[in-house]
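The values are calculated or read from the model by the stated rules, or taken from the named source; none is laboratory data. For clarity, every value in this text was computed on a predicted model and none was experimentally measured. Cβ atoms come from the backbone with ideal geometry, glycine included; neighbour counts cover every protein chain shown. What goes into the accessible areas is simple: the full protein's heavy atoms, side chains included, and nothing from ligands, DNA or RNA. Shrake-Rupley method; radii C 1.70, N 1.55, O 1.52, S 1.80 Å.
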Amino acid sequence: MKAKDIALDGLFRQNPTLKLVLGTCPTLALTTAAMNGVGMGLAVTFVLIFSNAIISLLRNVIPSKVRIPAYILIIATFVTITRMVLNKFLPSISASLGTYLPLIVVNCIIIGRAEAFASKNPVLSSALDGLFMGLGFMFALTLMGIFREILGSGSVFGVKLWDFSIGFFVQPAGALFTYAIFIAVYSLVYSAFLRAANERKNKDGLAVKGARGNA
Amino acid sequence: MGVIVSGAPHFRRNRTTKGIMLDVLIALVPATVAGFVYFGWRAVFTVALSLVASVGTEVIWLLCRKKSLKEIVSQFDFTSCVTGLLLALTMPAFEYKYFYIPILSAVFAVGVAKMFFGGTGKNIVNPAIAGRVFAFISFQSAMVSGWMVPQFASLSGINAVSSATPLTAMLGDGLGAVGVSNLDLFLGTGVMGCIGETCKLALLVGFVYLIVRKVIKWQWPVIYVAVTGLLSCALGKSMGYFLPSILSGGLLLGAIFMATDYVTTPNTKLGNLIYFAALGVLTGIFRAVSGGEVVSYCILLMNVTVPLIDRFIIPRPFGYEKKEKVKKEAR
């Protein structure tokens, strides 16, 4: 796979939060503030790069019957490292992520990428896939965090903008509402993008696969 | 040829959604007027903002869906008026600086709870309830402590508790803390609360009008209110709780005008019985546990269970006879 395809898949076409709808638990719980999104996104990106690389390295060694426990073991190693580093050097971020930091071990994005990508592809592409999937997750979480923080607390990245705030948006109900709105907007943009690509290809007499009826 | 071929309901009446909604609006007039009289211009202000925002949201949404203005006017069925008015009646008479609360809540009620789900008749929860709950969790301080003392003092000469509604006082400190007599609670004199909920007399007038016009059946609100009242007596271990618990708070407003919404109630008699009895039980229990008014949350909760109730309680088809049990030898 080309690096450009991997990057586009992670950031946009196969965005883990908005297209694959994976890792929804931290997405809903942590997007009350934009900074949480950045912190969680970076932690997941770090774990994802290294777990993908190691799993890809070992893809011919791990017996397929016990692959899930083996993946968990590798992922847990990197999650533990991340936790220790954050506890030591960035205790405030570690505190605000709370229990969701150790729960990265069972995050669907990481196990999903190990299963779907790293176990079938060479090391470098797997590491790249980890990087861009993680960044896609981070961007989605940060955007949602900014949206909810502005409306729910009247601030951005902790900087107070105004006193007006709508409490709904920092509550769980607001999390589901925001997520739905973001997925709707994403689908709108994505289908417009596909339609445009299809028209471009049609001029050359080629149709983009999956462009029709794909939302 | 003027032959029309169509599916089952061939028997039609002149009853339209528009007509029913107009009836509901008329039934709400006494409560609205009572609210205006007790709470003055601030009540008028809140009601007007909520109404304009509700209707405005619906019109703007339909314009965005590329309907022409002529189409919108001809299809307008007053449901958003009812939503806007009901929403305002469940809010305190806001100070003028809180102008954004009724507007945002009405936009949420009509825009999110109704139009996102496909418009009139397709909403899962009652839009007015959704709007009130939105306001309640978003602007808690203004919604809970922004009570205005009504312009009419209580008939029994006792001063109302200045910080809490009679309901929260009763739930917090027992029967003695209600502060006003049952007659005051019934008339709404000296009672703090939301615009439309304090004068029970006006609500009952609306109730009678709806029954006479056959818009709603009288049994269902009565079941809801009675179950809540009896449960309050049981939990408070005194029959004295019956009248204060049904006459305070928004129970009557919710039971008559919100829980009975056609779209969000079950289709069958048995289903309705379960729905309204469960509403009563939930309201009684949650009031005792939370120490506040919970009618809107209970209705929201039960609205969501309506599809489930309808799935398990299926109406008997016309002419259906129960099959007699076949004896084992016959097989």
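Observations
- Accessible heavy-atom area order of B:Lys217, B:Lys200, B:Lys18, highest first, probe of 1.4 Å: B:Lys217, B:Lys18, B:Lys200
- In degrees, nearest ten, helix B:200-212 long axis to first principal axis of chain B (Cα): 20 degrees
- Taking every residue in B:130-137 and counting other chain Cβ atoms within 10 Å of its Cβ, the average works out to 3.
- Shape call, the range A:89-202: gyration tensor on alpha carbons, a/c limit 1.5: oblate
- Residue-span extension gain [B:Thr305 to B:Ile26] - 0.36 nm each, minus C-alpha spacing: 97.5 nm
- With a Förster radius of 22 Å applied to the C-beta separation of B:Val44 and B:Val149, the computed FRET efficiency comes to 0.80.
- Gap separating the Cα centres of the range A:141-179 and the range B:102-128, nearest whole Å: 22 Å
- A cut-off of 5 Å between modelled amide H atoms, ignoring neighbours fewer than 5 places along the same chain, links A:Ser155 with A:Ile150, A:Leu161.
- Alpha-carbon centroid distance for the pair the range B:253-322 / the range A:47-91, whole angstrom: 50 Å
- Global size of the protein assembly as shown as Cα Rg and Dmax, reported in angstrom: 28.9, 87
- Sorted largest first, extent of the range B:16-146 alpha carbons per principal axis (Å): 41, 29, 24
- Largest GNM mean-square fluctuation across B:Tyr262, B:Tyr241, B:Tyr38, computed for chain B with C-alpha springs under 10 Å, falls on B:Tyr262.
- Residues considered: B:Ala31, B:Ala48, B:Ala106. Largest GNM mean-square fluctuation over chain B, using C-alpha springs under 10 Å, is found at B:Ala48.
- The helix-only estimate of mean residue ellipticity at 222 nm for chain B, built from DSSP H runs of length n ≥ 4 each weighted as -39500 (n - 2.57), is -17500 deg cm²/dmol after division by the residue total.
- Derived scalar couplings ³J(HN,Hα) [the range A:75-81; Karplus, 6.51 cos²θ - 1.76 cosθ + 1.60; whole Hz; x for Gly, Pro]: 4, 4, 4, 6, 5, 4, 4
- Overall form of chain B per C-alpha gyration tensor (a/c, 1.5; a/b vs b/c): oblate
- Per-residue accessible area (protein heavy atoms, 1.4 Å probe) orders B:Ile314, B:Ile60, A:Ile150, A:Ile110 as B:Ile314, B:Ile60, A:Ile150, A:Ile110, starting from the largest.
- Greater than 28 Å apart at Cα, pairs in B:Lys70/B:Lys200; A:Lys201/B:Lys67; B:Lys114/B:Lys214; A:Lys19/A:Lys201; B:Lys18/B:Lys70: B:Lys70/B:Lys200; A:Lys201/B:Lys67
- Heavy-atom accessible area, probed at 1.4 angstrom with all protein chains present, ranks B:Tyr224, B:Tyr209 as B:Tyr209, B:Tyr224, highest first.
- Global form of the range A:3-214, assessed from the alpha-carbon gyration tensor, a/c cut-off 1.5: oblate
- For chain B, a Gaussian network of Cα nodes joined below 10 Å ranks B:Ser105, B:Ser138, B:Ser296 by mean-square fluctuation, and the top entry is B:Ser138.
- Take the Cβ atoms of B:Ile72 and A:Ala76, set R0 to 45 Å, and the FRET efficiency comes out at 0.20.
- Dipole of the range A:1-145 [Lys/Arg +1, Asp/Glu -1 at C-beta], most positive-end residue of A:Ile72, A:Leu20, A:Met40: A:Ile72
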